[in-house]
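Here's the structure we're looking at; comments come further down.
The values are calculated or read from the model by the stated rules, or taken from the named source; none is laboratory data. Fair warning: this is a prediction, and the values are worked out from it, not measured in the lab. Virtual Cβ from ideal backbone geometry, glycine too; neighbours counted across all protein chains shown. The accessibility values were calculated without ligands, DNA or RNA, using every heavy atom of the protein model including side chains. Shrake-Rupley method; radii C 1.70, N 1.55, O 1.52, S 1.80 Å.
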Amino acid sequence: MTQTLSPLELMSKLISFPTVSCDSNLPLIDWVEAYLNGHGITGHRFYDDKDGRLVEKAALFAHVGPEVEGGIVLSGHTDVVPIEGQPWDTDPWTVTEKDGKYYGRGTCDMKGFDGLAIWALVEAHKRGVKRPLQIALSFDEEVGCTGAPPMIERILQTLPKASTVIVGEPSMMQAVTGHKGGRGYLTHIKGFEVHSSILHTGVNAIMYGAKLIEWANDVNTANLAATPSDIAAPFFPPCTTAHVGMITGGTAHNITAKDCIFGMDFRVVPGEDPLMWRDRYMEKVREVEAMMQTVVPETRIEISEKFNVPPLVPEDGGEAETLVRQITGDNASHKVSYGTEAGQFQQRGYSAVICGPGDIAQAHQPNEFCTVAQFNAGHAFMEKLLERLA
Ligand SMILES: [Zn+2]
């Protein structure tokens, strides 16, 4: 029989695995599966089979309690964002307690919750429950929530279907019932190189790219000035936004740039069709491309979808929200503008809510932390959840 670890010991163990999204998470998955097995719980793996993968990754899910439908899923991701270039005062891969806070990469986003979920699963198995409890630990959340959808399909094929999902992204243990959707489009402008002294005969990919970026600025200005719809009003900001966060291109200051590559990302409020934003962007892309082709016909703009995260649509009196409200006593309405796996579970027929320890403001930061108080609140939440399942 494996020794039973506390939630803090479990979080510390998980954080000791540097599972940055670009690296394999298998050492962590191996450890968690062995820990669950040691307590008599069967773990199921879903292996990533994306083409061209250089590193292997897996999701892990498990079910305890009666083999019936209608259980609750505790959902977390195992990957974390990189620490490169961040000034850390402590070792990011060791949980350090200081001034009432636990420091470490993932304490807040979201190995603190993962540790609590593993703890709750083992307790549910030991104590025995009437309603099933499941955990789902995914990969590749931080690179556009691409790991969860195939994992969810596999869970639906493997386990009795649960009805409710609690996604433990940091929410200060409040029930978050809605988030924006995300759509990202890799934009590659293929221009034509000439000496910049005769630039009118070339196509500068960067300068044409600027027209698309300026379009995004105009979209934001118009959307921020517009009166929000009822469903969009609780979000901050209460509208869809367009963003370019990275750009590369050009070879020299005196050559018209042959290439310009950037991501055009939309955060779309529930109630608006993300494809409408794609279509509007494509319309602008074709307009700019036509301008380029009047100079050099072979030039073009290629667009490919980088990520697609569905929104979490607020459920009126939804099961997940009701459950979390009953446990936390929090009756306020909370919406967030970041994407999570909750919308992906909801899309597959689960009632979904976000509730986890820590503040999203600390996620991805150097010296990421979760306060001891928040972590303890997460522990208390799991205790109350177990009472309800008994
Ligand atoms: Zn996260």
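If you count only protein heavy atoms with a 1.4 Å probe, what accessible area per residue comes out for the chain, rounded to a whole Å²? Each step should come with its number before you reach the end.
On the way: 16570 Å² over 390 residues.
With the other protein chains kept in place, the chain gives 42 Å² per residue.
For ARG280, ARG105, give the ranking by accessible area with the largest first, probe 1.4 Å. Let's see the in-between values first.
Values: ARG280 105, ARG105 0 Å².
Descending order: ARG280, ARG105.
The percentage of C-alpha pairs in the chain whose separation is greater than 36 Å is 30%. You can think of it this way: the chain between ALA252 and ASN220 has 8.4 nm of extra reach, that is 0.36 nm per residue less the Cα-Cα gap. When the Cα positions of ALA390, THR322, GLY191 are compared along the charge dipole of the chain, ALA390 comes out farthest toward the positive end, with charges on each C-beta of Lys, Arg, Asp and Glu. In segment 231-367, taking the dipole from charged Cβ atoms about the Cα centre, the farthest positive-side position among VAL309, CYS239, GLY263 is held by GLY263. Mind giving me the nanometre distance, one decimal, between the label points for GLN347 and TRP31, set 7 Å out from Cα along Cα→Cβ? Taking the two extended label points, one gets 3.2 nm. For GLU287, the accessible surface of its heavy atoms amounts to roughly 90 Å² (probe 1.4 Å, protein chains only, rounded to the nearest 10). Of the peptides 264-277, 128-141, 298-311, the order by per-residue mean of other Cβ atoms within 10 Å, starting with the highest, comes out as 128-141, 264-277, 298-311. Listed by chain and number, the aspartates and glutamates whose C-alpha is less than 19 Å from the C-alpha of LYS335, apart from same-chain residues fewer than 8 away, are ASP109, GLU169, ASP230, GLU272, ASP273, GLU315, ASP316, GLU319, GLU321, ASP359.
Tell me the mean residue ellipticity at 222 nm calculated for the chain from its helices only (DSSP H runs of n ≥ 4, each -39500 (n - 2.57), averaged over every residue, nearest 500).
After summing the helix terms and dividing by the residues of the chain, the value is -10500 deg cm²/dmol.
From most to least packed by mean Cβ count within 10 Å, the peptides 14-20, 212-218, 250-256 give 14-20, 212-218, 250-256. Rolling a 1.4 Å probe over the protein heavy atoms leaves ASP91 with an accessible area of roughly 80 Å².
Please label the shape of segment 144-256 as rounded, prolate or oblate, based on the square roots a ≥ b ≥ c of the eigenvalues of the alpha-carbon gyration tensor (a/c under 1.5 means rounded; beyond that, a/b larger than b/c means prolate, else oblate).
Values: a/c = 3.89, a/b = 1.88, b/c = 2.07.
The shape class here is oblate.
Sorting 196-209, 67-80 by average packing, meaning the other beta carbons within 10 Å per residue, from highest down gives 67-80, 196-209.
Given +1 on the Cβ of Lys and Arg, -1 on the Cβ of Asp and Glu, and no further charges, what dipole in debye does the chain carry about its Cα centre, rounded to the nearest 20? It would help to have the intermediate numbers written out before the result.
Details: 32 positive and 49 negative charges, 73 e Å.
For the chain, the charge dipole is close to 340 debye.
From a point 7 Å beyond the Cα of ALA373 in the direction of its Cβ, which residues of segment 80-111 have a backbone N at a distance under 14 Å? Only 99-102 fall inside the zone, counting backbone N under 14 Å. Label 7 Å along Cα→Cβ of ASP316; segment 151-181 residues with amide nitrogen under 20 Å? Flagged as within label range: 176-179. Straight-line reach from LYS98: taking Cα to Cα under 28 Å and skipping same-chain neighbours fewer than 8 places apart, the lysines in range are LYS13, LYS111, LYS384.
Modelled spin labels at THR158 and ASP359, positioned 7 Å past Cα toward Cβ, are 3.7 nm from each other. Take the Cβ atoms of ALA210 and VAL143, set R0 to 22 Å, and the FRET efficiency comes out at 0.25.
Between rounded, prolate and oblate, where does segment 1-140 land on the alpha carbon gyration tensor, with a ≥ b ≥ c its root eigenvalues, rounded for a/c under 1.5, else prolate if a/b exceeds b/c?
On the way: a/c = 2.19, a/b = 1.33, b/c = 1.65.
It comes out oblate by the Cα gyration axes.
FRET efficiency for GLU97 and LYS126, Cβ-Cβ distance as r, R0 = 35 Å, nearest 0.05?
Calculated value: 0.85.
The charge dipole of segment 287-390, taken about its Cα centre with unit charges on the Cβ atoms of Lys, Arg (+1), Asp and Glu (-1) only, comes to about 280 debye. Site pair ILE83 and GLU302 shows an inter-label distance of 3.7 nm when each label is modelled 7 Å from Cα along Cα→Cβ.
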